[in-house]
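Engineer: Next up is a structure, given as structure tokens.
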Amino acid sequence: MAEEQKLFKVKIDGISVEVAPGTTILNAARQIGGDIVPPAMCYYSKLQGSGGKCRTCLVKVSKGSEADPRPMPKLVASCRTTVMDGMEVANITSPEVLEARKGVVEFLLLNHPLDCPVCDQAGECHLQDLGYEHGAEGTRYEFQRRTFEKVDLGDKIQLHMTRCILCYRCVFTADQVAGNREHGVLGRGEHAEISTYLSKNLNSPFIGNVIDVCPVGALTDKTFRFKNRVWFLKPVNAHRDCENPKCCGKTVLWMRGDEVFRVTARKDKYGEVEDFICDTCRFDKKEAKDWVVEGPRKIERQSVISANHYVGVNKPKDTLVEVLDGRQPKLLMDIHSISEVNRPSIDLSQIEGPAHSDDFNK
């Protein structure tokens, strides 16, 4: 009979928890939950090799372990540092950590444009949350910000590199989930950017997941771009029997009335995808009849989206159909087709902009 694995006792902001050896400080904090969980912009539990790039999860180790109680001399990245038995960690209780996090957020926002009013990620952007919680009132950066032109990475994905924080999540997703990576980080230092080699498109049945893992608005869905705001839409859980055996078919439909504006994977309270979905479910199934709707999606994070749910809402009845005993009303006369004033050959609904007399008068 195998011996039971000894658990390590860790204390984070005065709260104790027992975790398995090899657990990172960040995941130990997530087992406790609440406000003591450090923020993470680059770490993704389902992507191997992620973490250690954004430095937003810095914490202070005030006691290394029972065997060696000396504190660590510098702040450490909680997503990369594993726990030791008897370790004590300070996160939100350490003024040093909060001041360092404020500096990290200021650094992330150096080149980031203040275009939240027009960004599709607004309302579900973790950088917005960080800027609100830890950001400074203004920037000390006096030089010209670096800018990039928008790039289409295929017919479904657009890259706005000016917003990118180089978290590498999309690179790991293309490598490990999509299985066909055609993009990466080119250049070094200030010239580093996410790009494809020789302007290739991103082609893979699962490449749309790079949109879901992006913590900012750098990678956006072109089929949804500028069509609506997420806080005006109602997220509902839905599923379908997907033809791709690797796709779970479990998604979130963002709806307004009966219209599906976009389809995303389901995410947990830390903004991480529970199960990756294929591009067919994401881009091609935009009709409510394509899905089995399960019900309103519970939003864990404090967000304006959490206020918009289809809870206790009854769809109004069509009184005319009810009066006609279930029969659909018939069009008695199409005034446009028999009018002697308008041109019957012109479909008024196809006219771009306001209709003018020159468009359909004889």
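Engineer: Within segment 37-116, what whole-number % of the accessible surface is contributed by carbon and sulfur, with the 1.4 Å probe and all protein chains included in the calculation?
Structural biologist: 58
Engineer: Something else about it: Let me check I have the definition right: for segment 9-116, take the eigenvalues of the Cα gyration tensor, multiply each by 5, take square roots. What are those semi-axes in whole Å, largest first?
Structural biologist: 25, 15, 12
Engineer: Between beta-carbons, use under 10 Å as the cut-off and find the net charge around SER16, counting Lys and Arg +1, Asp and Glu -1.
Structural biologist: My count for the surroundings of SER16 gives 0.
Engineer: Still on this model: Quick check: pseudo-label points 7 Å beyond the Cα along Cα→Cβ at ILE92 and GLU18, how many nm apart are they?
Structural biologist: In this crude spin-label approximation the distance works out to 2.6 nm.
Engineer: Going 7 Å from the Cα of ALA67 toward and past its Cβ, which residues in segment 87-104 have a backbone nitrogen under 19 Å from where you end up?
Structural biologist: 87-89
Engineer: Going 7 Å from the Cα of GLU287 in the Cα-to-Cβ direction, what parts of segment 228-260 have a backbone nitrogen less than 16 Å from that spot?
Structural biologist: 240-241, 258-260
Engineer: Something else about it: In nm, to one decimal, how far is the THR82 label point from the ASP152 one, both placed 7 Å along Cα→Cβ?
Structural biologist: 4.8
Engineer: Averaged over all directions, how much area does the convex hull of the C-alpha atoms of segment 182-250 cover when projected, in nm²?
Structural biologist: So the mean shadow area of the Cα hull is 6.9 nm².
Engineer: Please give the contour-minus-distance gain from HIS356 to PHE232: 0.36 nm per residue of separation, less the Cα-Cα distance, rounded to one decimal in nm.
Structural biologist: Gain in length upon complete extension: 41.4 nm.
Engineer: FRET efficiency for GLN176 and GLU274, Cβ-Cβ distance as r, R0 = 22 Å, nearest 0.05?
Structural biologist: Efficiency computed from Cβ-Cβ geometry: 0.90.
Engineer: Next question. What number comes out for the charge environment of ASN111, summing +1 per Lys or Arg and -1 per Asp or Glu over other residues with Cβ under 12 Å away?
Structural biologist: So the environment of ASN111 carries a net charge of 0.
Engineer: Compute the distance in nm between two label points, each set 7 Å from the Cα along the Cα-to-Cβ direction, one at ALA122 and one at THR319.
Structural biologist: So the two model labels end up 3.8 nm from each other.
Engineer: For segment 143-194, what class follows from the C-alpha gyration tensor (a ≥ b ≥ c being the square roots of its eigenvalues): rounded when a/c is under 1.5, otherwise prolate if a/b is larger than b/c, else oblate?
Structural biologist: Oblate, because a/c is 1.5 or more while a/b does not exceed b/c.
Engineer: Can you give the net charge of the other residues whose Cβ lies under 14 Å from the Cβ of VAL260, counting K and R as +1 and D and E as -1?
Structural biologist: +4
The values are calculated or read from the model by the stated rules, or taken from the named source; none is laboratory data. All figures in this text were calculated on a predicted structure; none of them were measured in a lab. Cβ atoms come from the backbone with ideal geometry, glycine included; neighbour counts cover every protein chain shown. Ligands, DNA and RNA are excluded from the accessible area calculation, which covers all protein heavy atoms including side chains. Shrake-Rupley method; radii C 1.70, N 1.55, O 1.52, S 1.80 Å.
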